[in-house]
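The values are calculated or read from the model by the stated rules, or taken from the named source; none is laboratory data. Keep in mind the model is a prediction, meaning the values are calculated, not measured. Positions of Cβ are backbone-derived with ideal geometry, glycine not excepted, and every protein chain shown enters the neighbour counts. Calculation scope for accessible area: heavy atoms of the full protein, side chains included, ligands and nucleic acids excluded. Shrake-Rupley method; radii C 1.70, N 1.55, O 1.52, S 1.80 Å.
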Amino acid sequence: MKAFVYNGGKDFTITELPIPKAGTGEAIARVLCASICGTDLRTYRFGSEKLKTPITIGHEACYMIVENGKGVNLSGRYTAAPAIGCGQCKSCKKGRTNMCDSLKTIGFQYPGTFAEYIRIPAEAVERGHLINVPDHVTDQEASVVEPVACAINAQSFLKIETGDSVLIYGAGYLGCIHAELSLMQGASKVMIAEVSEKRREKAKGFVPEASVMDSSDKAFMEMLRSITSESGVDVVITACPAGVTHRQGLELLNKNGRMSLFGGLPGESNYHLDSNLIHYKEAGIFGAHASTVNQNRQALELVASGKLNVAKYISAFSLTDAHKAFGCLINETAEKAVLIP
Ligand SMILES: [Zn+2]
Ligand SMILES: [Zn+2]
């Protein structure tokens, strides 16, 4: 089978690998469509020290089960919550499996989805990480559900309610999804701040209800203050890898505001948050990492019910054109790229 393999450094190759065989408790699936995550893009551009190479990366996908190992009886199309908890630690017992002490993730500790076939780990089968995809949801739509689950996870801390103003940094796929989810929660003003003009123009089409602004514009802070009638924004979500947004976001936050540091920062993350601002505003600052099985179910439900249209964000490429797909993400001609083996 063909796989897009990360060999270390910044080296990726289309490699011929043997099709995996199902062991006890495992299943083998054909990958119908695999989506490229921001994390995959970061590894592609800057390399990753954390991954044991060579490894097939990728963790967002739609699968068709083709072989069941001993004790397994699965069939049909599935998506999977890729972050698999141990089921035993304190976080797992509370249902916060994404915070597991020994978290193992498809495409990180297990071989990933940028391949024709994948071995579904026994832990994933046993702990219910496979979620049935309804017939009317396409392979491509199902493959981009997991990042929506990560956004749902982040927003679970933010308690967005009717009348809230929400500022999102970053107009990529996840920035736009955050905007759409905020509107569903009843936010009255949703603003997307983005430095790239290309992305700003696209975001206006994707989420017409949002005000899309240039955060590098000198008048940005003024503009924002006039929209929110001086008081600041109730919720800030940083869906981009720029540390400056953490500091600026906190400055713009209203009293009792909530901020999600959603996007991780590459390299140095010692950005100074003014702790007195947190203190006097009684601000809540939240992290967010990955998602639980339940959040993946909720995300698929939003897509299946038609409440969230993810198809409009997708550009499809063949797996053998993976380099081209990554290139289109880098030059911003694709918003969310998916690979079809
Ligand atoms: Zn992802
Ligand atoms: Zn655990």
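Here are the numbers:
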read-out: In Å, descending, principal axis extents of the Cα set of the stretch 194-326; value: 51, 35, 34
read-out: Solvent-accessible area per residue for the chain (1.4 angstrom probe, square angstrom); value: 44
read-out: Dimensionless Rg ratio for the stretch 106-234, taking C-alpha atoms and the 2.2 N^0.38 Å reference; value: 1.31
read-out: Table column - 3J(HN,Hα) (Hz), the stretch 329-334, Karplus curve with 6.51, -1.76, 1.60, x for Gly and Pro; value: 6, 5, 8, 6, 8, 10
read-out: Accessible surface of the chain [probe 1.4 Å, protein heavy atoms]: carbon and sulfur percent; value: 50
read-out: Candidates per trypsin sites (Lys or Arg not before Pro) in the stretch 216-289, loop by DSSP, up to 14 other Cβ within 10 Å; value: 218
read-out: Kirkwood Rh and Cα Rg combined as Rg over Rh, evaluated for the chain; value: 0.97
read-out: Net charge of Cβ neighbours under 14 Å - reference residue 271; Lys, Arg +1; Asp, Glu -1; value: -2
read-out: Under Karplus coefficients 6.51, -1.76 and 1.60, residue-wise ³J(HN,Hα) of the stretch 222-234 in Hz, glycine/proline x; value: 4, 4, 5, 5, 6, 5, 9, 6, 6, 7, x, 8, 6
read-out: Highest-fluctuation residue, 206, 220, 108 considered, GNM on the chain with Cα pairs under 10 Å; value: 220
read-out: Cut-off under 5 Å, modelled amide H: who pairs with residue 253 long-range; value: 233
read-out: Straight-distance crosslink candidates among aspartates and glutamates, where the alpha carbon sits under 12 Å from residue 189 and sequence neighbours closer than 8 are dropped; value: 161, 164, 180, 209, 234
read-out: Probe 1.4 Å - accessible area at residue 66, Å² to nearest ten; value: 80
read-out: Estimated Rh, the stretch 23-163: Kirkwood, alpha-carbon pairs, angstrom; value: 15.9
read-out: Residue 240 long-range amide H proximity, modeled H, under 5 Å; value: 263
read-out: Extension reserve of the residue 318-residue 24 stretch, reckoned as 0.36 nm per residue once the Cα distance is removed; value: 102.7 nm
read-out: Reference-scaled alpha-carbon Rg (2.2 N^0.38 Å with N residues) for the stretch 1-97; value: 1.24
read-out: Rounded to the nearest 10 Å², the accessible area of residue 126 at probe 1.4 Å; value: 140
read-out: Gain upon complete extension [residue 88, residue 156; 0.36 nm per residue less C-alpha separation]; value: 22.2 nm
read-out: q = 0.25, 0.31, 0.34 Å⁻¹, the stretch 29-68: log10 I(q)/I(0) [Debye, one scatterer per Cα]; value: -0.87, -1.05, -1.14
read-out: Label-to-label distance, nm, for residues given as residue 270 and residue 13 (7 Å Cα→Cβ offset); value: 3.9
read-out: Overall dimensions of the stretch 278-341 by Cα: Rg and Dmax, Å; value: 17.3, 54
read-out: Share of Cα-Cα pairs in the stretch 65-126 lying beyond 20 Å, as whole percent; value: 32
read-out: Accessible-area value, residue 44, 1.4 Å probe, nucleic acids and ligands omitted, Å²; value: 40
read-out: Which listed pairs, of 94/159; 94/307; 52/198; 2/324; 10/324; 70/104, have C-alpha distances above 25 Å, in listed order; value: 94/307; 52/198
read-out: Set of the stretch 104-135 residues, backbone N closer than 18 Å to the point 7 Å along the Cα-Cβ line of residue 64; value: 113-120, 131-135
read-out: Distance cut-off 17 Å, percentage of C-alpha pairs in the stretch 239-313 lying past it; value: 58
